[in-house]
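Notes for the one structure printed next.
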Amino acid sequence: QPADWPAFVAAARAAEAEGAVRVTGIWSHFACADEPGHPANAAQLDAFREAIRLAERAGLDPEVRHHANSPATLTLPESHFDLVRTGVSVYGLSPSPEVGVAADLGLRPAMTLSASLALVKQVPAGHGVSYGYAYRTHGPTTLGLVPLGYADGVPRHASGTAPVLAAGAWRTVAGRVAMDQFVLDLGGDPASAGDEVVLFGPGDRGEPTAEDWARAVGTISYEIVTRISARVSRTHTNVRPDTGG
């Protein structure tokens, strides 16, 4: 707490003079930087500046002073000090809708989640889909089975809400997401087992993004990308599809 800070930095300087420690940095972290204009941002920045002043008065000379997370890096240049700590923005995601969408910020999402249709079949109108028959087909149609479920990190809240690019168009998850799979209503469009479906990616091919998924299920893009489980195989690449390099 601020009242404890003068004694703390004095003790740190004494320990440094004894050779017990070396104070290399002073840092803090914004609570509301993903809400530009929030009064807490200016208050925290003022408190940090005062903490640095008191530390220097105590004789400390840290190598780095740092405060800015991803949203502060993007919107509060006065908070940059000696370095910034970009997190989610390194992966091309916007820290929050209030800060802006990735494209507006010059960011390109780095992660794509895709699968191949495991099964495609024709069904009649009124056909129940997945657990509880929460979805029934509106007419004769084609259903596609996607072998990803909540054990793979697909939110169960994506049931009936989340978008997927399949058979050339956005589809909405039909019915409930199961442990290992979910279903898409392909509307009779041509599709075959083995065809690629894209849950989210950078949007280069018109696919949904992690931000689209976050809006659909009522969460943040951080959760969408970090919840993908170890069951899903990873392929790491530096190749950008739009440039080939």
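The values are calculated or read from the model by the stated rules, or taken from the named source; none is laboratory data. Note that this is a predicted model, so its numbers are computed, not measured. Neighbour counts run over all protein chains shown; Cβ positions are idealised from the backbone, glycine included. Accessible surface areas use protein heavy atoms only, side chains included; no ligands, DNA or RNA. Shrake-Rupley method; radii C 1.70, N 1.55, O 1.52, S 1.80 Å.
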Scanning the range 11-37 for residues that are within 30 Å of Ile220 (Cα to Cα) and not in a loop (DSSP other than H, G, I, E, B), which turns out least open to solvent (accessible area, probe 1.4 Å)? Ile26
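Does Ser79 meet the test of being surrounded by 13 or more Cβ atoms within 10 Å (Cβ to Cβ), small (Gly, Ala, Ser) and under 30 Å from Arg234 (Cα atoms)?
no
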Give the residues of the range 137-154 that are touching a Phe, Trp or Tyr at 6+ places or on another chain (Cβ under 8 Å) and either of a type outside the set (A, V, I, L, M) or open to solvent by 60 Å² or more (accessible area, probe 1.4 Å) (or both), sorted by residue number. Gly149
Hey, which of the strands (runs of 3 or more DSSP E) in the range 133-226, taking only ones fully inside, have at least 2 residues that are without any contact (Cβ under 8 Å) to a residue 40 or more places away in the chain? 169-174
Quick check: anything in the range 174-191 under 26 Å from Ala102 (Cα atoms), open to solvent by less than 60 Å² (accessible area, probe 1.4 Å), assigned by the TED database to the domain that holds Ala118 and more than 18 Å from the chain's Cα centre (by Cα)? no
Odd one out for Ala134, checked against (1) at negative phi; (2) out of contact with any Pro (no Cβ under 7 Å at 6 or more places or on another chain); (3) open to solvent by less than 60 Å² (accessible area, probe 1.4 Å): (3)
Conditions (1) open to solvent by 30 Å² or more (accessible area, probe 1.4 Å); (2) assigned to a loop (DSSP other than H, G, I, E, B); (3) modelled with pLDDT under 95: number failed by Gly59: (3)
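Residue-wise test of (1) over 30 Å from Asp34 (Cβ atoms); (2) aliphatic (A, V, I, L, M); (3) assigned to a loop (DSSP other than H, G, I, E, B).
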| position | (1), (2), (3) |
| --- | --- |
| Thr73 | no, no, no |
| Thr86 | no, no, yes |
| Ser89 | no, no, no |
| Glu98 | no, no, yes |
| Asp104 | no, no, no |
| Leu107 | no, yes, yes |
| Met111 | no, yes, yes |
| Gln122 | yes, no, no |
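Just a yes or no: is a residue in the range 213-220 over 29 Å from Val101 (Cβ atoms) and crowded, with 20+ Cβ neighbours inside 10 Å?
Here is the first cut: in the range 213-220, the ones over 29 Å from Val101 (Cβ atoms) are none.
No, every residue in the range 213-220 fails to be over 29 Å from Val101 (Cβ atoms) and crowded, with 20+ Cβ neighbours inside 10 Å.
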Please go through (1) farther than 29 Å from Leu148 by Cβ; (2) touching a Gly at 6+ places or on another chain (Cβ under 8 Å); (3) open to solvent by less than 40 Å² (accessible area, probe 1.4 Å) for Ala102 and return the number of the only condition it doesn't satisfy. (1)
Answer yes if at least one residue in the range 175-184 is among the charged types (D, E, K, R) and over 27 Å from Lys121 (Cα atoms), and no otherwise. no
Checking Ala102, Ala110, Ala166, Ala162 in turn, the sole residue that is among the hydrophobic types (A, V, I, L, M, F, W, C) and farther than 30 Å from Thr75 by Cβ turns out to be Ala166
Right, Ala191: at pLDDT 95 or above, out of contact with any Lys or Arg (no Cβ under 9 Å at 6 or more places or on another chain) and hydrophobic (A, V, I, L, M, F, W, C) or not? yes
